[in-house]
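Trainee: Encoded as structure tokens, here's the structure I'll be asking about.
Taken together, the values in this text are just the output of simple stated rules run on the coordinates, not laboratory data. Just so it is clear, the model here is predicted, and its values are computed rather than measured. As a convention, Cβ positions derive from the backbone with ideal geometry for all residues, glycine included, and neighbour counts pool all protein chains shown.
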Amino acid sequence: MKINVNTEIALTYLLSRPKQTIVASLGVMFGISMFIFMQSLMKGTNDYFEKSSFSSTPHIKLYNENIVANLHLLNSLPNDNSVKILTNPKQVQQNQGLTNPYGIINSLYKNPEIANITPQVTAQVLYTSGSVQITGTVAGVNIVEEDKMFDVKGNMQQGNFLDINRVNNGLLIGKGIADKLSLHVGDNITVRAGTGSAVIMRVVGIYATTIKQIDETKSYASLIQAQNLLGKDRSYVTDIKINLKDYNNAPKVARDIETITGYKAEDWVHANEQLKAAFKIRAIILNSVIGVILLVAGFGIYNILNMTIYEKIKEIAILKAEGFSGQAVTSIFLQQAIYIGLMGGIIGIIVGYLVTLMVSRIYIGAGTLKYLPMSFYIPHYIQAISFGILTTIAAGFFPARKASKVDPVTIIRG
Amino acid sequence: MAEIALHASNISKFFYDPVKIPVLKDISIDVNKGEFVSIVGKSGCGKSTLLYVLSTMDTDYTGELNINGTKVTGKSLNDLARIRNSSIGFVFQFHYLLPDFTCLKNVMIPALRLGKLSYKEVEEKAYEKLKMFGVEEQALKKANKLSGGQQQRVAIARALINDPAIIMGDEPTGNLDSKNTGIVFDLFQKLSKEYGQTIITVTHDEDFANKSDRIIEMTDGEVSSHGK
Ligand SMILES: Nc1ncnc2c1ncn2[C@@H]1O[C@H](COP(=O)(O)OP(=O)(O)O)[C@@H](O)[C@H]1O
Ligand SMILES: [Mg+2]
């Protein structure tokens with residue numbers, strides 16, 4: 001095999017000081033494997049939280065938002081030339097729900113981005129059992145579609161969720177409500193919506209999500225039940241919940257739907273701003289830690305090369321006297337940096353993968369989170385290697401340049 | 001008329017230490033191709049300094065230097081490196097071998113750098129050079145495992161590997177015993193007589209100097225005698 005003489009010298013220098021070479025590579029290895037491990041953990045966690053937020057929130061929610069009173073009606077009075085002024089306008093409660101909800105649903109299904117749509121009647125209610133009262137909401141839903149979108153079945157603790165369609169006045173309550181009012185399947189509960197009359201309902205099931213606040217307030221009934229609670233007719237729908245094929249498109253699709261329907265379409269990104277903020281903060285923490293690790297690894301390489309150059313300054317002078325140009329000397333020392341980086345990088349990728357794999361098998365059993373969520377995502381590995389090599393080159397550059405500037409005469413004269 | 005291998009005209013050089021001291025004062029030298037020249041003079045008179053200038057390693061001087069008919073003064077560092085690599089062999093007073101490499105590799109490296117021959121050919125040639133100096137037995141030993149005399153002979157072999165037109169030595173036999181000095185002298189003479197290589201060497205060894213073709217004497221940064 002014909003290898004370049006610069007490469008041969010670089011390799012010989014690395015091999016002639018195996019300890020330092022290994023220590024410097026270990027620095028890089030540590031940086032790279034930490035990078036992979038932390039990225040995998042973060043992406044895994046983010047994915048988990050994103051997924052769990054979708055277990056209760058649709059990608060897009062369409063509803064009739066309260067609007068501020070305007071002059072529209074006053075101005076429509078006939079034969080009136082007076083100037084109208086509205087002082088201190090207030091929000092107007094839009095309690096008529098969505099107009100023609102099933103027409104909207106049918107037209108939305110034409111959008112190829114949309115995967116599932118389901119209507120909902122949301123009622124603010126007061127639960128009463130014995131002498132205890134708590135507030136909450138009843139979501140009137142088509143439970144079969146709801147299950148398709150949010151996996152109601154997977155959250156069931158007791159009873160059968162389909163019973164809200166079969167049992168008259170059936171109600172599926174959260175575990176928090178059940179605990180607070182000490183209710184079991186088959187018990188009765190009094191539910192009163194703000195304006196409606198009290199209705200005695202029967203607990204047909206108890207569910208539990210990972211989100212405590214939901215379990216303590218929300219229960220499911222059939223659409224018709226919820227409409228009855230509110231004293232509304234069969235076409236009354238307060239929200240339409242929409243899931244997309246790709247939830248990343250939610251903000252864009254939501255804007256389209258808003259323009260088409262004229263109702264407020266809230267996408268999950270807006271509804272979960274605190275989740276997004278948490279992602280961002282985690283990313284900042286992670287990047288700082290990785291930055292520091294790579295910096296330390298870079299310093300390791302910088303250090304060993306500087307030391308080599310200090311020790312070998314006479315040899316560098318000789319090489320130059322023999323006719324090695326500045327570029328050739330740069331190449332010799334930069335190559336040493338690159339080989340250290342490559343070696344550390346490759347081992348780092350393997351170690352990073354193994355650590356990620358091992359940690360993903362650690363049982364933590366917090367709520368529905370049984371194992372640490374780790375993702376195995378190829379781009380992380382490519383990023384890791386690129387960062388590693390970039391750091392190495394940056395760290396090797398300055399010592400290499402210093403070596404290339406060695407003046408043979410000064411050194412040889414002594 | 002003989003061909004000129006090295007032509008230096010009006011070379012001057014100063015050191016600033018911290019006051020300006022002249023080390024080389026308006027030196028002009030011509031050396032013919034195939035000539036074996038010794039430079040002698042008291043310690044500190046500027047012999048090494050002159051040799052570094054002539055070898056193109058030191059570019060901080062005034063005057064003009066021509067090697068094999070080409071002006072090298074003012075050339076870029078890269079060009080000078082190439083010229084040194086192909087046309088000049090330098091032997092220092094101390095061997096300056098690379099201790100991490102075998103003797104054979106040490107001799108091979110300038111030829112690998114030059115890149116004219118295949119690895120195999122370079123290896124054979126390096127082995128031949130070692131043989132000329134009787135150190136072929138040491139070929140595969142690390143350079144720092146040899147005795148001083150052996151190291152210096154390897155260093156001379158290294159200077160010869162690219163068949164340079166000019167071989168320069170700064171007291172190359174200074175650390176050798178008389179037997180080894182004899183070997184080196186005979187070899188230098190053979191190179192100049194049979195292969196037409198030019199030899200310029202600083203020496204303190206009167207015998208050595210007297211046997212060479214010409215003696216250039218230096219005194220206080222000036223050439224006091226050009227020999228014949
Ligand atoms: N880097 C330097 N700075 C200042 N003066 C120097 C330096 N190197 C050598 N000198 C001086 O230059 C003169 C010539 O040195 P040198 O060429 O080594 O002499 P030689 O080889 O003939 O013994 C000496 O007086 C020496 O002290
Ligand atoms: Mg000297």
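Trainee: Measure off 7 Å from each Cα along the Cα-to-Cβ vector at A:Asn142 and A:Ala198, then give the distance between these two points in nanometres to one decimal.
Mentor: Going by the 7 Å Cα→Cβ label model, 3.4 nm.
Trainee: A follow-up question, please. Identify which of B:Leu130, B:Leu114, B:Leu65 has the largest mean-square fluctuation in a Gaussian network model of chain B, with springs joining Cα atoms closer than 10 Å.
Mentor: Evaluated over chain B, the most mobile residue of the options is B:Leu114.
Trainee: If I take the Cα coordinates of region B:1-121 and project them onto the principal axes, what are the three extents in Å, biggest first?
Mentor: 49, 39, 29
Trainee: Same structure again: Can you tell me the mean projection area, over all orientations, of the convex hull of chain B's alpha carbons? Units nm², please.
Mentor: Details: hull surface 50.9 nm².
Over every viewing direction, the Cα hull of chain B projects on average to 12.7 nm².
Trainee: Could you work out the local net charge near A:Thr410, counting Lys and Arg as +1, Asp and Glu as -1, over the other residues with Cβ closer than 14 Å to its Cβ?
Mentor: +2
Trainee: Once you list every other residue whose beta carbon is under 10 Å from the beta carbon of A:Gly326, what net charge do they have if Lys and Arg are +1 and Asp and Glu are -1?
Mentor: Details: positive: A:Lys320, A:Arg401, A:Lys405; negative: none.
Once all neighbours under 10 Å are counted, the net charge is +3.
Trainee: Something else: Among A:Asp147, A:Asp187, A:Asp239, rank each residue by its count of other Cβ atoms within 10 Å, from fewest to most, as a rough exposure measure. Show your work: numbers first, answer last.
Mentor: Working: A:Asp147 18, A:Asp187 15, A:Asp239 24.
Fewest to most other Cβ atoms nearby, the residues stand as A:Asp187, A:Asp147, A:Asp239.
Trainee: Could you tell me the center-to-center distance, by alpha carbons, between region A:127-177 and region B:170-209 in angstrom?
Mentor: Each part's Cα centre sits 105 Å from the other's.
Trainee: At a Förster radius of 56 Å, what calculated FRET efficiency corresponds to the Cβ-Cβ distance of A:Val83 and A:Ser131, to the nearest 0.05? Walk me through the numbers before you get to the answer.
Mentor: On the way: r = 57 Å, r/R0 = 1.02.
Approximately 0.50, to the nearest 0.05.
Trainee: Next question. Of A:Pro251, A:Leu223, B:Gly69, which is farthest towards the positive pole of the protein assembly as shown's charge dipole, taken about the Cα centre with +1 and -1 on the beta-carbons of Lys, Arg and Asp, Glu respectively?
Mentor: Most positive-ward Cα: A:Leu223.
Trainee: Counting other beta carbons within 10 Å of each Cβ, put A:Ile285, A:Ile177, B:Ile200 in order, fewest first. Intermediate values should be presented prior to the final figure.
Mentor: On the way: A:Ile285 12, A:Ile177 22, B:Ile200 26.
Going from least to most buried by this count: A:Ile285, A:Ile177, B:Ile200.
Trainee: Contact order normalised by length for chain A, with contacts defined as Cα pairs under 8 Å and 6 or more residues apart; what percent is it? The partial results should precede the final answer.
Mentor: Numbers: 670 pairs, mean separation 111.7, N = 414.
In percent, rounded to a whole number, it is 27.
Trainee: I've got another one for you. For region A:342-390 and region A:18-68, what is the separation of their C-alpha centers, rounded to whole Å?
Mentor: Computed from Cα coordinates, the inter-centre distance equals 11 Å.
Trainee: Using the Cα atoms as the points, what is the convex hull volume per residue of the protein assembly as shown in Å³? Kindly include the intermediate steps, with their values, before the conclusion.
Mentor: Details: hull volume 188.4 nm³, N = 642.
Measuring per residue, one finds 293 Å³ for the Cα hull of the protein assembly as shown.
Trainee: Pop the C-beta distance of A:Ile350 and A:Asp179 into the FRET formula with R0 = 56 Å and round what comes out to the nearest 0.05. Walk me through the numbers before you get to the answer.
Mentor: Details: r = 48 Å, r/R0 = 0.86.
For R0 = 56 Å, the calculated efficiency reads 0.70.
Trainee: Turning to a different aspect of this structure: Taking region A:60-164, how many lysine pairs are there with alpha carbons less than 25 Å apart, if each pair must be eight or more places apart or span two chains?
Mentor: Working: A:Lys61/A:Lys90; A:Lys61/A:Lys110; A:Lys61/A:Lys148; A:Lys61/A:Lys153; A:Lys110/A:Lys148.
Within region A:60-164, the lysine pair count is 5.
Trainee: Within 10 Å of each residue's Cβ, count the other Cβ atoms and sort B:Asp60, A:Asp233, A:Asp267 from fewest upward.
Mentor: Working: B:Asp60 11, A:Asp233 8, A:Asp267 24.
Ascending number of Cβ neighbours within 10 Å: A:Asp233, B:Asp60, A:Asp267.
Trainee: Starting from the Kirkwood Rh over alpha-carbon pairs, what translational D in µm² s⁻¹ does region B:181-228 have by Stokes-Einstein at 10 °C and 1.306 mPa s?
Mentor: Details: Rh = 11.7 Å.
Estimated diffusion coefficient is 136 µm²/s.
Trainee: Please give the net charge around A:Ser129, taking every other residue with its beta carbon less than 10 angstrom from that of A:Ser129, where Lys and Arg add +1 and Asp and Glu add -1. Mind showing how you got there, number by number?
Mentor: Working: positive: A:Lys180; negative: A:Asp187.
Spelling it out: positives minus negatives among the neighbours equals 0.
Trainee: Would you mind working out the magnitude of the charge dipole of chain A relative to its Cα centre, with +1 at each Lys and Arg C-beta and -1 at each Asp and Glu C-beta, to the nearest 20 Debye? Don't skip to the end; give the middle numbers.
Mentor: Details: 37 positive and 27 negative charges, 190 e Å.
Its charge dipole is roughly 920 debye.
Trainee: Something else about it: Mean separation of Cα pairs under 8 Å and 6+ residues apart, divided by the residue count of chain B: what relative contact order is that in percent?
Mentor: Details: 447 pairs, mean separation 65.5, N = 228.
Worked out over chain B, it gives 29 percent.
Trainee: Nearest 500 deg cm²/dmol is fine: what mean residue ellipticity at 222 nm does chain A get from its DSSP H runs of n ≥ 4 alone, each adding -39,500 (n - 2.57), divided by its residue count?
Mentor: On the way: 16 runs with 222 residues, N = 414.
Counting only the DSSP helices, I get -17500 deg cm²/dmol.
Trainee: Here's a follow-up. Please state the shape class of region A:86-221: rounded when a/c is under 1.5, otherwise prolate if a/b exceeds b/c and oblate if not, all from the C-alpha gyration tensor. Please report the intermediate quantities before stating the final value.
Mentor: Numbers: a/c = 2.01, a/b = 1.21, b/c = 1.66.
Oblate is the answer for region A:86-221, as a/c is 1.5 or above yet b/c matches or exceeds a/b.
Trainee: Under 22 Å Cα-Cα from A:Lys180, which lysines qualify once same-chain neighbours fewer than 8 residues away are excluded?
Mentor: Correct list for A:Lys180: A:Lys212, A:Lys218.
Trainee: Longest segment of chain A with no trypsin sites (Lys or Arg not before Pro) in a DSSP loop having at most 13 other Cβ atoms within 10 Å? Could the numbers behind the result be given before it?
Mentor: On the way: sites that count: A:Lys2, A:Lys84, A:Lys90, A:Lys110, A:Arg234, A:Lys245, A:Arg361, A:Lys405.
Excluding the exposed sites themselves, the longest stretch runs over A:111-233.
Trainee: Using only the Cα atoms of region A:240-387, what do you get for the radius of gyration and for Dmax, in Å?
Mentor: Gyration radius and largest Cα-Cα distance of region A:240-387: 25.4, 81 Å.
Trainee: Sticking with this one: Pick out which of A:Glu322, A:Glu273, A:Glu113 has the largest mean-square fluctuation in a Gaussian network model of chain A, springs linking Cα atoms closer than 10 Å.
Mentor: Judging by the Gaussian network model, the answer is A:Glu322.
Trainee: For the cross-link pairs B:Lys116/B:Lys211; A:Lys43/A:Lys276; B:Lys33/B:Lys120; B:Lys125/B:Lys211; A:Lys402/B:Lys13; B:Lys71/B:Lys129, which exceed 23 Å when the distance is taken from alpha carbon to alpha carbon?
Mentor: Values: B:Lys116/B:Lys211 35 Å; A:Lys43/A:Lys276 13 Å; B:Lys33/B:Lys120 31 Å; B:Lys125/B:Lys211 29 Å; A:Lys402/B:Lys13 26 Å; B:Lys71/B:Lys129 30 Å.
Violating the 23 Å Cα-Cα cut-off are B:Lys116/B:Lys211; B:Lys33/B:Lys120; B:Lys125/B:Lys211; A:Lys402/B:Lys13; B:Lys71/B:Lys129.
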